[in-house]
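Q: Below is the structure I would like to discuss, written out as structure tokens.
FYI, it's all coordinate maths here, none of it is from the lab. Everything quoted here is computed from the prediction, not taken from an experiment. For neighbour counting, all protein chains shown are included, and Cβ atoms are generated from backbone atoms with ideal geometry for every residue, glycine included.
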Ligand code: S3P
């Protein structure tokens, strides 16, 4: 999708000031297309994230016969019902999107047709066994490279039977893949995870009228349930807001109001971590929109201190560690991150990528560990040239690191930013005082 390298230079800022909003939540946008397509009736989605990952999901459902209109204001999905998808006449390309490929593997396993899912060079390296293995226990027939563990995945739809599944990892993609397969399975499917991952699927299943049982970290779905479409207003993505939070906290004299941010408790680990580091972040006007908690975030620059991060907060902040690493690199003292092995199998190995890149721009001592890292904070960063590794969040985190630095940071390729945060650099320019 992004063939030409697109380098970007970000210069230090004197402060960040103003009020702004961030684009819609990526996870919720994916689910609104998927569940909207499987529902009866129409689903009208506002503040849909028009990013490459979500376009990949949209294209896949269009290829299976779902009419999806976008008038620039709202995306309207004309649901075809649980059994209304058609066999696609070509391979479905999930691009860079792990959520698209893993959730769709579950959804396609129980269809009455054949389909093939693939993705870009990064996605084709990411582990798929975490979904193909439990799905096989439900009766799914999925073939793929590496003995069914890597994309492309070829799915011969089959009859599924519900299972109880004890997941070894806290993963919303695994949970959601099995919940979608569970809709097509005989009997009940229950998924138990070690700690609770984001629960957007559970909320949207219920919002669309499905009956779910949740207890602790277990969710149970009964097969054959019809969904009813509805209107969804997607909250701003807290994972995108995280870059602005870290930017405002680390550049002295900053104050930003970030409006309309999703503050689902399974996603707010980043706020808890930054507050524990001494960050001044206030949640204002908390409300609920389309079944999801939303608030405005007021953030002011703060003197941050290093802390220990591990345990249950990690899955609640899993996509925000590139940004959190930048905060830690500029905090007083040592930050120890553990229990974050999952970072090694994201769009890139985010532990290795952040450690290498932060060293390139003058960070203090960084020790990589198997499941995290140990960082010594420094007063300010020196700038330099870094590599995004084709990972949107690495590109944005390092650009934010430039704002509080002494010299510009050049990121070698930022085309990947369009994956989740179109308009990121324009927004930064809008609020940066230089
Ligand atoms: C997501 C779940 C998380 C997250 C990803 C989006 C989702 O992945 O990192 O960006 O929408 O379900 P895992 O399920 O692999 O933790």
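Q: Going from the alpha-carbon gyration tensor of segment 172-300, what semi-axes, largest first and in whole Å, does one get by taking the root of 5 times each eigenvalue? Before the final figure, lay out the partial values.
A: Details: eigenvalues 231, 50, 20 Å².
So the equivalent ellipsoid measures 34, 16, 10 Å along its semi-axes.
Q: Cut-off 11 Å, label point 7 angstrom out along Cα-to-Cβ of residue 206: give me the residues of segment 247-291 whose amide nitrogen falls inside.
A: Flagged as within label range: 291.
Q: Related question: In whole percent, what relative contact order does the chain give with Cα contacts below 8 Å and a gap of six or more residues?
A: Values: 1109 pairs, mean separation 80.3, N = 434.
Once divided by the residue count of the chain, the mean separation gives 19 percent.
Q: Here's another thing I want to ask about it. Given axes a ≥ b ≥ c from the Cα gyration tensor, I'd like to know whether segment 48-171 is rounded (a/c under 1.5), prolate (a/b larger than b/c) or oblate.
A: Working: a/c = 1.74, a/b = 1.39, b/c = 1.25.
It is prolate, given that a/c is not under 1.5 and a/b is the larger ratio.
Q: Enter the angle in degrees (range 0 to 90, nearest 10) between the Cα long axis of helix 52-63 and the first principal axis of the Cα atoms of the chain, meaning the one along which they spread out most.
A: Its long axis makes an angle of about 10 degrees.
Q: Something else about it: Just subtract the alpha-carbon distance of residue 289 and residue 365 from 0.36 nm times their residue separation and send over the number in nm, one decimal. Let's see the in-between values first.
A: Details: separation 76, 0.36 × 76 = 27.36 nm, distance 4.32 nm.
Between residue 289 and residue 365, full extension yields an extra 23.0 nm.
Q: Pull out the extension gain between residue 67 and residue 332, defined as 0.36 nm times the separation in residues minus the alpha carbon to alpha carbon distance; nm, one decimal. Numbers along the way, then the final one.
A: On the way: separation 265, 0.36 × 265 = 95.40 nm, distance 5.31 nm.
That pair, residue 67 and residue 332, stretches by 90.1 nm at full extension.
Q: Of 175, 305, how do they rank once you tally other Cβ atoms within 10 Å and put the fewest first?
A: On the way: 175 29, 305 16.
Starting with the residue having the fewest Cβ neighbours, the order is 305, 175.
Q: Separation of segment 37-70 and segment 305-375 by C-alpha centroid, Å?
A: Result: 34 Å between the Cα centres.
Q: For segment 26-233, just say rounded, prolate or oblate: build the C-alpha gyration tensor, square-root its eigenvalues into a ≥ b ≥ c, call rounded for a/c under 1.5, and beyond that prolate if a/b exceeds b/c, oblate if not. Could the numbers behind the result be given before it?
A: Values: a/c = 1.39, a/b = 1.12, b/c = 1.24.
Taking the square roots of the gyration eigenvalues as a ≥ b ≥ c, segment 26-233 is rounded.
Q: On to the next question. Assign one of three labels to the chain, namely rounded, prolate or oblate, based on the Cα gyration tensor with a ≥ b ≥ c the square roots of its eigenvalues; rounded applies when a/c is under 1.5, prolate when it is not and a/b is larger than b/c, and oblate otherwise.
A: Values: a/c = 1.77, a/b = 1.65, b/c = 1.07.
In terms of gyration-tensor shape, prolate.
Q: Now, a different point. Any chance you could list the semi-axes, whole Å, largest first, of the equivalent ellipsoid that the Cα gyration tensor gives for segment 164-204, using √(5λ)?
A: Details: eigenvalues 53, 31, 10 Å².
Working from the Cα gyration tensor, I get semi-axes of 16, 12, 7 Å.
Q: For the chain, what is the calculated [θ] at 222 nm in deg cm²/dmol (nearest 500), taking -39500 (n - 2.57) for each run of four or more DSSP H residues and dividing by its residue count? Intermediate results must be reported in sequence, preceding the final value.
A: Values: 13 runs with 132 residues, N = 434.
Here the helix-only value at 222 nm equals -9000 deg cm²/dmol.
Q: Can you compute the equivalent ellipsoid semi-axes for segment 385-432, i.e. the square root of 5 times each eigenvalue of the Cα gyration tensor, sorted largest first and rounded to whole Å?
A: Details: eigenvalues 53, 42, 10 Å².
Working from the Cα gyration tensor, I get semi-axes of 16, 14, 7 Å.
Q: Okay, moving on. Compute the separation of the alpha-carbon centres of segment 134-161 and segment 256-281 and state it in Å as a whole number.
A: Centre-to-centre (Cα) distance: 38 Å.
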